[in-house]
Structures are given as structure tokens and as C-alpha cells.
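What follows is a set of notes on a single structure, which appears directly below.
The values are calculated or read from the model by the stated rules, or taken from the named source; none is laboratory data. Since we're looking at a predicted model, the values are computed, not measured. Heads up, the Cβs are rebuilt from the backbone with ideal geometry, glycines too, and the neighbour counts pull from every protein chain shown.
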Amino acid sequence: MLNDELSILLLYGLLMAVVLVLKTTGMLTQFDMGYLLSSRDENRSLEGMLGRMDRAINNSVIAMALVTPPILVIAIRDQSSAHSILAAQIFLAARTIYFPAYMFRITGLRTLVWLIALIAIFFLYFLAL
Amino acid sequence: MTPELTALTLAALLQVFQVCLMAVPANLELGTKKTLGPRDPEALGGTLASQLSPRTARLHRAMNNHFEGLILLTIAVTVVTLSGQSTAFTAACAWIYLAARVVYIPCYVFGLSPWRSVAWFVGFAATTLMLIAAVL
């Protein structure tokens, strides 16, 4: 499963869905049910760990939007190679570490894996071109 | 075109509609001097989003939330389609997602609690089930 760019993309989608569930569930501890189910006109910000999860998810939306085009192009054009699989694997590994690194405030590591994932994205674009 | 791709295209068009739904009242409320400018919060006394009327702010939040849903749906639909795994189940998931996302907007705007959360959850669950179906 990890030897196929499309499956890696799927796993990343599932990972993000899991974190989204964790964040949404965690919100129950910070806000009352009435506020959560309302249209949230009053802007209440998430604090601590939940805020970091929220920011990590927002950043992941960008990463996902950037990595999807080259992976789809590589799959549609049948350009998969050992290099593109490795780049996708590195991307997934780095972005997986990104979540705990953000949540548990591991300064340095979070930025490092963010950068590694970005380089992997650029490499995938290069391979897709 | 698989039914999933049709639903994805309609979901993208729904997002175009949501952008218009938010942008028209936002421009009327804030004035084009603010919206066409570089929107520096320090020059405008706060972010533009914070100056919207409650209803337009709801439309804005609904639009932002749909971007998150749309990126996950895009992955689910394109992988299901490209890997030839389209089934009646995945097609149903895609249409349920679209329906839930349409319902989500009026629920948000009119403050229909808890139906906004229910619609969000249905859309999210449909996407997640598609992702799982594609991985299996």
C-alpha cells in the first residue's frame, strides 16, 4: 500500500480525517454543546493543544492541495517510478510527524518536517513535469 | 465520467456559488474601497472578516469550512476513479456528501442548531467512508 502514490495520498487524507475527529471531539471539552451546535457568531478561539491541532489542520489543507496535483498527474500519465514513490513516502512520513510535533510543541522538528515535506512536494512536481 | 466525478464537479460549483453568496453581501456591506484594497487589518481597524454582518460572517465561515471538506473529497473521488474502484457505495457517498453540503449552508445561515453540525458530520462521514473504501 505504501508503494503506490495514490494509496499514500489516501492515507494522508485519512490521517487528516482522524486529526479532524480528534480536534472536533476535543472541542467538547472547551466549549459547551449549545455554542458548538450554534452558528458560532461569537468568535471563540481554540486554546492550547486544540488550537495547535487547528493550525496543524489548516496547514495540512495547504500541503494536501499542493501535493494532490503532481500525484494525480504521475498516476494518470503512468509516470510512477521508484523516485516518485520514495518522494511520496517521505512526504507522508514528514506530514505524519508534523501533527505530534505541532501538538506537543516540539520546536524545530515541526519546522524541519514541514520543510522536508515541501521539498518532497517540489520533487514530485519535478518528476511529474 | 463516473458518478463520483460528477458529484465532485457539482461540489466545486457549489463552492463557486458559496463564494458569490458571501462576496456579494460582503462587498455591499464593506464597500469596494475596503474589499478592493490590500485589506491590511491595521489600516481598517481589524480584519475584513470581523467587520461583516452576522449573516454574511456565517456565509464566510460556511465557505471556509467547505474548502476543508472539498480537499478531502477531491482525494477520495479522484483516487476511487483513477484506481477503477467506483462502486454503487462510493457513488452514493459522493452524492450524500453533495446533498449534506447543500443543506449545510441554510442550516448555518439560519442558525438551525443542531442541523448544521449534523449536515457537517454526514458530509465528513461520507468522505471518510469513501477514503476507507478506496484504501481497502
Just wondering, is there one or more residues in region A:6-13 that are surrounded by 13 or more Cβ atoms within 10 Å (Cβ to Cβ), more than 30 Å from A:ASP78 (Cα to Cα) and free of Cβ contacts under 8 Å to residues at least 60 places away in the same chain? no
Meets criteria (under 19 Å from the mean Cα position of the chain (by Cα), buried (at least 19 other Cβ atoms within 10 Å of the Cβ), over 22 Å from B:PHE124 (Cβ atoms) and modelled with pLDDT of 95 or more) for A:ALA87: yes
Test set (1) polar (S, T, N, Q); (2) away from chain A (no Cβ under 14 Å); (3) surrounded by fewer than 19 Cβ atoms within 10 Å (Cβ to Cβ) - B:GLN18 fails condition number: (3)
State the number of residues belonging to region B:48-63 that are surrounded by 12 or more Cβ atoms within 10 Å (Cβ to Cβ) and either hydroxyl-bearing (Ser, Thr, Tyr) or on the phi > 0 side of the Ramachandran plot (or both). 2
What do you reckon, is B:THR128 at the interface with chain A (Cβ under 8 Å from one of its Cβ atoms), farther than 27 Å from A:ASP41 by Cβ, among the polar types (S, T, N, Q) and in a helix (DSSP H, G or I)? yes
Pull out all pairs, ordered by first then second residue, where Cβ-Cβ is under 7 Å, the residues are six or more apart or on different chains, the first lies in region B:52-69 and is within 16 Å of B:SER113 (Cα to Cα), and the second is in a helix (DSSP H, G or I) and among the polar types (S, T, N, Q). B:ALA62/B:GLN18
I'm trying to understand the selection: among the residues of region A:1-49, which are more than 8 Å from every other protein chain (Cβ to nearest Cβ), within 26 Å of B:ILE105 (Cβ to Cβ) and assigned to a loop (DSSP other than H, G, I, E, B)? A:PHE31, A:ASP32, A:GLU42, A:ARG44, A:SER45, A:LEU46
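Matching residues to (1) over 14 Å from B:LEU8 (Cβ atoms); (2) more than 10 Å from every other protein chain (Cβ to nearest Cβ):
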| position | (1), (2) |
| --- | --- |
| B:GLY84 | yes, yes |
| B:TRP115 | yes, no |
| B:TRP120 | yes, no |
| B:GLY123 | no, yes |
Taking region A:38-70 and keeping residues among the acidic types (Asp, Glu) and closer than 22 Å to A:LEU92 by Cα leaves A:ASP54
So B:VAL118 passes all but one of these: (1) surrounded by fewer than 18 Cβ atoms within 10 Å (Cβ to Cβ); (2) at pLDDT below 95; (3) aliphatic (A, V, I, L, M). Which condition number does it fail? (2)
Scan region A:51-58 and give yes if some residue there is over 15 Å from the mean Cα position of the chain (by Cα), surrounded by 12 or more Cβ atoms within 10 Å (Cβ to Cβ) and assigned to a loop (DSSP other than H, G, I, E, B), otherwise no. no
Examine region B:87-102 for a residue that is under 15 Å from the mean Cα position of the chain (by Cα) and either among the aromatic types (Phe, Trp, Tyr) or within 13 Å of chain A (Cβ to nearest Cβ) (or both), and state whether such a residue exists. yes
